[in-house]
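Working notes for the structure below.
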Amino acid sequence: METAIAFIIIFGSIVFFHELGHFIFAKKAGIMVREFAIGMGPKIFAMTKGETLYTIRLLPIGGYVRMAGEDLDSVELQPGYRLGIRVNDDNEIDQIVLNQNKQFPDMLFLEVEKSDLMKEMFIEGYDEEERLVRYKVARNAVINENGKETFIAPYDRQFGSKTVGQRSMAIFAGPLFNFILAFFIFLLLGLFQGVPTYEPVITTVVADSPAAQAGMKDGDLVTAINGTPISTWDEFSEEVKVSPNEKMNFTIDRNGETLELSMTPNEVGVGKEKVGQIGVQYVSPLEKNPLKAIPYGAEQTYETTKRIFILLGTLISGNFSIDDLSGPVGIYKATEEVAQYGVFNLMYWAALLSINLGIMNLLPLPALDGGRLLFFLFEAIRGKPVDKQKEGMVHFVGIMLLMVLMVVVTWNDIQKFFF
């Protein structure tokens with residue numbers, strides 16, 4: 001149960017912030033957002049606020065922001081169609097009833113002659129006295145069909161009416177918010193757990209090692225090697241690594257007392273390399289300093305992003321197997337293992353997943369945010385958009401291929417973890 005709760009909170013938060021990015025920049029561009037959904041599949045919670053339906057869905061494997069104009073959600077009223085209308089004080093239609101089972105006080109009936117619910121915003125038709133009348137449609141008018149109410153989306157509120165820059169930003173904002181979320185998680189880790197100082201402080205001295213024989217002890221701070229000052233563990237480690245079988249002089253600080261120790265690193269094979277080792281282990285000391293937490297958050301976000309791109313390089317070069325990929329089942333099992341090591345490790349895991357989701361969505365593949373951004377790039381270069389039907393077909397094929405990959409990866413995870 002604890003693992004399930006941790007998984008739902010972590011994955012739900014990552015998806016929420018991703019979709020929040022899309023939502024905020026869509027609204028900023030003036031795009032009508034019809035639905036903000038966390039999860040996929042059947043609704044288990046729904047709430048309408050303003051023009052947006054907020055839902056939580058059964059399967060915690062994703063989410064979406066449904067923008068007006070993206071899925072052919074506009075309504076066309078064919079000539080001869082009989083409908084009910086309600087007119088407000090400005091003599092504008094604010095309610096259109098497509099099935100006449102729904103009744104409103106003072107509801108009028110029209111037989112449609114012609115209409116435009118996107119640009120000119122009007123309905124023209126014959127009333128009950130066979131007179132040809134024309135009504136302007138309010139920009140916030142609602143269409144009621146079988147009890148389901150949908151706001152009309154004027155063309156300037158639709159996704160396709162916006163500039164390439166506005167549409168690109170609305171799509172790019174999802175992955176961007178994943179990186180922002182990771183930064184804030186690392187920032188919180190720096191504030192509450194502490195920021196690694198990377199000082200060359202010896203954590204553990206291995207018994208019978210050159211360091212132990214020379215008298216080095218746990219907690220010693222190495223300040224210089226062969227007279228050259230050092231300030232980080234990386235500097236210390238590099239000096240030892242390149243000096244196998246060479247006598248070295250270490251200046252250390254032990255509880256405020258300066259000592260000089262001499263030792264010769266053993267030669268150890270690491271792959272095809274021969275490196276020096278003196279037999280010490282290291283865990284970076286942590287410092288709770290709010291001023292250092294901000295750069296720490298930025299640094300960890302950058303370094304984690306860089307490591308994931310390096311792994312992607314091995315994916316592209318073909319140096320991977322299906323076992324290297326994980327779906328929801330694999331992520332769930334990994335969360336179960338990480339949860340055993342405490343809340344700080346779960347937070348780090350969440351930041352890692354958030355960056356991973358951001359990068360994966362930016363890949364220039366059909367159906368992903370990166371694929372859509374690629375089409376916007378083509379549009380900017382050509383000066384005109386790619387044919388919507390062709391683009392839709394590419395994204396449809398991409399979705400199908402991603403679904404197949406998801407099924408294969410999930411089945412492989414099930415076999416790996418449960419059989």
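Data for the structure
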{"item": "Pick from region 127-177, criterion among the aromatic types (Phe, Trp, Tyr) and within 17 Å of Asp71 (Cβ to Cβ), ranking: nearest to the chain's Cα centre (by Cα)", "result": "Phe159"}
{"item": "Condition check for Gln300: open to solvent by 50 Å² or more (accessible area, probe 1.4 Å) and of a type outside the set (Phe, Trp, Tyr)", "result": "no"}
{"item": "Scan of region 267-285 for residues that are touching a helix residue (DSSP H, G or I) at 6+ places or on another chain (Cβ under 9 Å) and not in a loop (DSSP other than H, G, I, E, B), ordered by number", "result": "Val270, Glu273, Val275, Gly276, Gln277, Val280"}
{"item": "Filtered residues of region 52-78 (kept if over 30 Å from Ser115 (Cβ atoms) and among the basic types (Lys, Arg))", "result": "Arg57"}
{"item": "Among (1) charged (D, E, K, R); (2) in contact with a strand residue (DSSP E or B) (Cβ under 9 Å, 6 or more places away or on another chain); (3) at pLDDT 90 or above, the one test that Glu145 misses", "result": "(3)"}
{"item": "Leading residue by the ranking (nearest to the chain's Cα centre (by Cα)) among those in region 70-96 that are modelled with pLDDT under 85 and open to solvent by less than 80 Å² (accessible area, probe 1.4 Å)", "result": "Glu70"}
{"item": "In region 260-284, the residues that are open to solvent by less than 40 Å² (accessible area, probe 1.4 Å) and not hydroxyl-bearing (Ser, Thr, Tyr)", "result": "Leu261, Met263, Pro265, Val275, Gly276, Ile278, Gly279, Val280"}
{"item": "Pairs, first without any contact (Cβ under 8 Å) to a residue 40 or more places away in the chain and farther than 18 Å from Asn140 by Cβ in region 75-101, second open to solvent by less than 90 Å² (accessible area, probe 1.4 Å) and small (Gly, Ala, Ser), C-beta under 8 Å, six or more apart", "result": "Gln100/Gly84"}
{"item": "Qualifying residue in region 24-36 (condition: assigned to a strand (DSSP E or B), surrounded by fewer than 20 Cβ atoms within 10 Å (Cβ to Cβ), free of Cβ contacts under 8 Å to residues at least 40 places away in the same chain and in contact with a strand residue (DSSP E or B) (Cβ under 6 Å, 6 or more places away or on another chain))", "result": "yes"}
{"item": "Among (1) open to solvent by 30 Å² or more (accessible area, probe 1.4 Å); (2) assigned to a strand (DSSP E or B) - the single one Gln213 does not satisfy", "result": "(2)"}
{"item": "Within region 49-142, strands (runs of 3 or more DSSP E) holding 2 or more residues that are over 30 Å from Ile8 (Cβ atoms)", "result": "82-87, 92-97, 108-116, 122-126"}
{"item": "Candidates Glu273, Glu267, Glu239, Glu199 - the one that is of a type in the set (Asp, Glu), at pLDDT below 95 and within 30 Å of Ala350 (Cβ to Cβ)", "result": "Glu199"}
{"item": "Leading residue by the ranking (nearest to Val275 (Cα to Cα)) among those in region 216-257 that are open to solvent by less than 50 Å² (accessible area, probe 1.4 Å), polar (S, T, N, Q) and in a loop (DSSP other than H, G, I, E, B)", "result": "Ser243"}
{"item": "Total residues in region 127-159, condition under 17 Å from Lys28 (Cβ atoms) and open to solvent by less than 60 Å² (accessible area, probe 1.4 Å)", "result": "4"}
{"item": "So Gly41, is it open to solvent by less than 50 Å² (accessible area, probe 1.4 Å), in a loop (DSSP other than H, G, I, E, B) and within 22 Å of Gly174 (Cα to Cα)", "result": "no"}
{"item": "Residue in region 97-118 that is at pLDDT below 90, open to solvent by 80 Å² or more (accessible area, probe 1.4 Å), closer than 14 Å to Glu145 by Cβ and not acidic (Asp, Glu) present", "result": "yes"}
{"item": "Top-ranked residue of region 197-210 - restricted to ones that are out of contact with any strand residue (DSSP E or B) (no Cβ under 6 Å at 6 or more places or on another chain) and of a type outside the set (Phe, Trp, Tyr), ranked as least open to solvent (accessible area, probe 1.4 Å)", "result": "Ser209"}
{"item": "Out of Phe172, Phe192, sole residue that is modelled with pLDDT of 95 or more and not acidic (Asp, Glu)", "result": "Phe172"}
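The values are calculated or read from the model by the stated rules, or taken from the named source; none is laboratory data. The model shown is predicted, which means the values in this text are computed figures rather than measured ones. Note that each Cβ is placed from the backbone with ideal geometry, even for glycine, and that neighbours are counted across all protein chains shown. Just the protein is used for accessible areas: all its heavy atoms, side chains included, with ligands, DNA and RNA removed. Shrake-Rupley method; radii C 1.70, N 1.55, O 1.52, S 1.80 Å.
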